[in-house]
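Below you'll find the structure, written out as structure tokens, and then a few comments.
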């Protein structure tokens, strides 16, 4: 403790590189990418997901038929089996249903609707849950208690029940003749209200850890307001687990939508999602037209499994304790 | 001229009770922990006032109250005459805000890990709108990095690319970015290697000489305090037991606690002499001993010490000293 010159020993560091690597280069060198390429399951799941999402959103271009357009349906073509069976006809590769609707086209369009509803549902529940979790964790006290008790109560209701209640209330308020747009909005809100708790709990616990750290105190010292500190400093440091939950919840949201549609409170038969298709196809299962229900079911199962595998990999890859 | 920082009768209690429902069921009263009790001191412009004490003595709580991160339960902090608590002086306090900054103990937790150092240092400049224009801000950040002995190009790195000592330099640069004139260091070197500690302390003294800074320096390390402080306050269980000019405190400690601490310090001049180890432990602050809180460990304690709290008179709070028994 005697010398007073500041340059002794711990000399000013020479810059190690002329510039820090770009974002792209850092991503290329990151552990996340390496771990992704090592996992064959993750790569397969991603390929399957991207393929299905791509096909779904290209459906107006590639589907043989527009299943939403009644003018394109012909009862003469009803109940055709898939192409590899004796009565199969091109272009109805996966057969047709009782209205002469091409099953492949309906699955592609239905996949797109299911994905849209799932993604919007995840965004709604994520935004709601993250916002409430941030507020609860940062404010603490009575507000925290209030939000978390609501979350506890929420958890005692199954997601489907909440969705049915929201659906019932909305139909009682607006009448049952809702247009497809508002109907999608209704399902998205139902899913959002069912799944926010997980985000809120995860974010809240991360926020409680982060808010005690000195970088948050330093931000308070320069007079930043709480909302600014939350969004600018705390939020970016708590998003890791949120991505994992969002991926796994995407699969759950798609299943919830399918279940609602299967139960008849989701999307109408004229604009079918995968769930609606399964519901209508179910009626023909015992009369031998298995393809009407089987292909939507396979598409739903494939999509959900692929997304779940991705979510599992992401959870393991982002968990430092498993490395 | 009045003091730059005036702290009067500062007091802080924490509620450590069980949750409300448990209290009702178990019929327990609310329990309060008095972390800081009637602490008062003044800091003149340009000096370094150090607070030393064991873990749990309340020194960090004092630091947090002085900068305004923690509201006091009672008492007042005035900086350049402006109260840090009075709601009527909120506007004046906002203008003062940029001149008070803190350097934290853990340089690994005091910076947002997802921000580049340049953005971290620029944040106070932007928050207080001190400089307009991106190029000017970047130039100022480079200048600040140079001031603390880093390279302007380091602005492009992330905090995890630096060592502990270098990060503490970044923290100092951030504190200076808002043109601070009063820095509170809450054990700024205790997380660092001994060799790096000296460099950070020398940097702080060097900056003090160059920029005329005023420091409140919190530490449990007597060697560090001796190196840095103009005046020293010794805290024990939330109370200030002795305040003295640093040279006098180390030459002629008066309070029995200060003497005990200094006797325990290894000293090169007295190799071979048996050191007196610090005896006893700091009592539980939830249930402090009556009278002088030091009485269970004090060799000079008598009945008066066990019943009556000594006031800080003439720089020392001790009955034995005031009665001439020490």
*Report, largest value first, the span of the C-alpha coordinates of the stretch B:1-132 along each principal axis, in whole Å.*
60, 45, 34
*Rounded to the nearest 10 degrees, what's the angle between the helix B:134-147 long axis and the longest principal axis of chain B, both from Cα atoms, 0 to 90?*
50
*asked:* Looking at the protein assembly as shown only, what percent of DSSP beta bridges run antiparallel? Nearest 5 please.
replied: 55
*Got the relative contact order for the stretch B:46-110 handy, in percent, Cα pairs under 8 Å and 6 or more residues apart?*
18
*Can you tell me the relative contact order of the stretch B:190-326? Whole percent, Cα pairs under 8 Å, sequence separation 6 or more.*
19
*Length-normalised contact order of chain B in % [C-alpha pairs under 8 Å, at least 6 apart]*: 20
*asked:* Please list log₁₀ I(q)/I(0) at q = 0.13 Å⁻¹ for the stretch A:231-299, using the Debye equation with identical point scatterers on the alpha-carbon positions.
replied: -0.50
*Find how many whole Å separate the alpha carbon centroid of the stretch A:233-247 from the alpha carbon centroid of the stretch B:193-256.*
42
*Between the stretch B:105-159 and the stretch A:26-96, what's the alpha-carbon centroid distance in Å?*
50
*What shape does the stretch B:81-144 take by its C-alpha gyration tensor, where a ≥ b ≥ c are the square roots of the eigenvalues and a/c under 1.5 counts as rounded, a/b above b/c as prolate, and the rest as oblate?*
oblate
*On a 0 to 90° scale, report how tilted helix A:40-57 is relative to the longest principal axis of chain A, with both axes built from alpha carbons and the result rounded to the nearest 10.*
60
_Between 0 and 90°, nearest 10: helix A:103-139 axis offset from chain A longest Cα axis_ = 30
*Dimensions of the stretch B:140-227 along principal axes (Cα, Å, largest first)?*
37, 27, 16
_Would chain B count as rounded, prolate or oblate if I go by the C-alpha gyration tensor, calling it rounded below 1.5 in a/c and otherwise prolate when a/b exceeds b/c, oblate otherwise?_
prolate
*Using the count of nearby Cβ atoms within 10 Å as a rough guide to exposure, how do A:257, B:161, B:28 rank from fewest to most?*
B:28, B:161, A:257
*Which of B:53, B:133, B:185 moves most in a GNM of chain B, Cα contacts under 10 Å?*
B:133
*asked:* Once the convex hull of the alpha carbons of the protein assembly as shown is built, what does its volume come to per residue, in cubic angstrom?
replied: 232
_Kirkwood Rh in Å, taken over all unlike Cα pairs in the stretch B:1-69_ = 14.3
*If you take the square roots of the eigenvalues of the alpha-carbon gyration tensor of the stretch A:179-292 and sort them as a ≥ b ≥ c, do you get rounded (a/c under 1.5), prolate (a/b over b/c) or oblate?*
prolate
*When a footprinting reagent is the concern and you count Cβ atoms within 10 Å, what order do B:70, A:267 take, fewest first?*
B:70, A:267
*asked:* Cut-off is 10 Å between beta-carbons; in what order do A:189, B:225, A:122 appear when sorted fewest neighbours first?
replied: A:189, B:225, A:122
*Computed over the Cα atoms of chain A, what is the ratio Rg over Rh, Rh following Kirkwood?*
1.11
*For chain A, modelled as a GNM with alpha-carbon contacts under 10 angstrom, which of A:268, A:296, A:67 fluctuates the most?*
A:268
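Values in this text are rule-based calculations from the coordinates and carry no lab data. As the structure is a prediction and not an experimental result, all values here were calculated from the model. Cβ coordinates were reconstructed from backbone atoms using ideal geometry, including for glycine residues, and neighbour counts include every protein chain displayed.
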